[in-house]
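Beneath this line is the structure, given in structure tokens, with notes to follow.
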Amino acid sequence: MTFWPLIKILPVKTNFRFVDFAKYAGALSVVAAIASLILVLFPFKGPCGGLTCGIDFRGGTVLEFSTYPKATDLAVVRAAVSDKGLGDVGVQAFGEGAKAGVMVRFQNPEGKDANAVKSQVRQAIQQALGEVKFTNDATVGAKVSGELFTSGILALLVAIGLMLVYIWFRFELQFGLGAVVALFHDVLLTFGLIAFTKMEFSLTTIAAILTIIGYSMNDTVVVFDRLRENLRKYKKMPLREVIDLSINETLSRTIITGLTAILALGGLAIFGGEALFGFSIIMMFGIALGTYSSIYVAAPVILLWGVKRGVEEEATPIRFGAASRP
């Protein structure tokens with residue numbers, strides 16, 4: 001098999017004029033970013049504003065139990081407690097062997113006694129599974145949940161800051177600014193998607209956004225690396241043409257990599273169940289957005305800011321075994 005037809009659909013070499021549409025794409029990105037910001041912040045109330053907070057950020061109750069030596073069907077547990085009006089319900093297995101157990105997390109409905117709700121949940125689990133040994137229960141308060149929310153947002157900001165430092169040292173400051181603007185764009189629009197679709201915002205969502213930051217940065221670095229090479233190679237070519245050339249030269253690689261990840265995540269969304277559906281959708285949206293932002297956010301920022309067109313030649317590679325010349 002010398003080729004795969006689906007890959008051959010993509011031309012080896014393209015000559016799209018991306019920079020010509022940068023103004024329109026920039027206007028679209030600004031409008032989408034403002035709309036996302038409004039969706040995320042409105043209504044202005046804590047801790048999550050317009051986001052649908054999960055139990056990690058709103059507080060709730062955690063029950064732990066064991067059915068050892070029998071295995072526990074998590075789908076049965078989830079079905080038994082999901083119709084009790086408990087809001088966000090999380091079911092997770094932990095441990096192995098005699099230490100294996102299941103953790104059920106749920107929100108306490110307003111106006112109901114927490115102990116009475118826990119008793120109802122225990123009864124529902126026992127009716128679904130039979131003999132169950134409850135090992136622990138705890139209540140997560142609003143203060144702890146607020147600290148988790150603050151830590152999650154801080155983790156996102158630190159990740160973006162570290163990316164700026166990395167790009168600054170590897171390339172130049174203007175490259176770093178372009179990458180950070182693209183990252184803020186991706187994160188803000190991803191938050192907008194979560195707010196618009198009323199997806200649960202939890203620590204799992206934070207993990208998905210951190211992964212998107214890493215993927216988007218990888219995509220941007222590929223374009224920037226080719227751009228730097230072409231700036232050295234074509235010293236007299238206008239910057240906008242060098243940017244178009246660099247994006248076209250990396251386009252097929254970017255599309256194939258992105259589609260591969262999206263196909264894998266699509267399978268995860270379909271067959272991974274309810275617990276992984278939101279995570280998969282956020283990741284697919286973020287990967288597609290990262291590809292767009294590396295072309296129409298990061299690169300145009302460099303065009304606006306400008307770069308230093310040095311006259312130095314690239315270092316001559318060292319050939320081992322060859323005699324040195326004066």
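The values are calculated or read from the model by the stated rules, or taken from the named source; none is laboratory data. Being a predicted model, the structure only gives us computed values, none of them experimental. Every residue, glycine among them, receives a Cβ derived from its backbone with ideal geometry; neighbour counts consider all protein chains shown.
Annotations
- Number of the exception - Phe271 against (1) within 30 Å of Val76 (Cα to Cα); (2) surrounded by fewer than 21 Cβ atoms within 10 Å (Cβ to Cβ); (3) under 14 Å from the mean Cα position of the chain (by Cα): (3)
- Residue pairs whose Cβ atoms lie under 9 Å apart, sitting 6 or more positions apart in sequence or on different chains, and linking a residue in the stretch 224-248 that is assigned by TED's automatic domain parsing to the domain that holds Phe171 and surrounded by 21 or more Cβ atoms within 10 Å (Cβ to Cβ) to a partner that is assigned to a helix (DSSP H, G or I) and of a type in the set (Lys, Arg), are Phe224/Arg170; Val242/Lys233; Ser246/Arg226; Ser246/Arg228; Ile247/Arg226.
- When the stretch 295-310 is filtered for residues that are among the β-branched types (Val, Ile, Thr) and modelled with pLDDT of 85 or more, the ones remaining, listed by number, are Ile295, Val297, Val301, Ile302.
- Test result for Lys99, surrounded by 12 or more Cβ atoms within 10 Å (Cβ to Cβ), charged (D, E, K, R) and in the same structural domain as Asp83 (by TED's automatic domain parsing): no
- In the stretch 114-127, the count of residues that are surrounded by 15 or more Cβ atoms within 10 Å (Cβ to Cβ), outside the structural domain of Thr197 (by TED's automatic domain parsing) and part of a loop (DSSP other than H, G, I, E, B) is zero.
- Test: residue in the stretch 136-152 that is without any contact (Cβ under 8 Å) to a residue 40 or more places away in the chain, within 19 Å of the chain's Cα centre (by Cα) and surrounded by fewer than 17 Cβ atoms within 10 Å (Cβ to Cβ): yes
- Qualifying residue in the stretch 64-75 (condition: in the same structural domain as Phe271 (by TED's automatic domain parsing) and outside any loop (DSSP other than H, G, I, E, B)): no
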